[in-house]
Amino acid sequence: LQATSATSSFELRFPSRSREVSDAFIIFTKEDDRRAVYRLNESFAGEWQLRLMYCSKWALEDALRAGDYTSSTIEPSGPSPEEVAAAAERAEGGDAAAAAATAPGGGG
């Protein structure tokens, strides 16, 4: 989950005891992050197939009350949105300088 293009942290709730079939819940703060992680649907994590489904808030609350769940915060492993913006700004500045140096009559 860390290797997705999610840009902010999200919460993973999973059963504390191992069972053959288990429901885990991912709680997102951004819709874009939910979409990025949803692209993993039906892929495999080791021997486990990920089956991602939408869930209402009340269904999550019922499941958490009925079972013993552990919570973990997942941090994205990619660059932050600020780092991406800064890199894009540097690239734009670098391209403009290169274009000026190669333009007819442009310094150089």
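The numbers here are math on the coordinates, done by the rules we state, and not lab data. These numbers were taken from a predicted model, which means no experiment stands behind them. Note that we place each Cβ from the backbone using ideal geometry, even for glycine, and neighbour counts take in every protein chain shown.
For this structure, a couple of remarks:
- Computed over neighbours whose Cβ is under 11 Å from that of ARG51, the net charge equals -2, Lys and Arg +1, Asp and Glu -1.
- R0 of 22 Å, Cβ-Cβ distance ASP68-ILE27: FRET efficiency to nearest 0.05: 0.80
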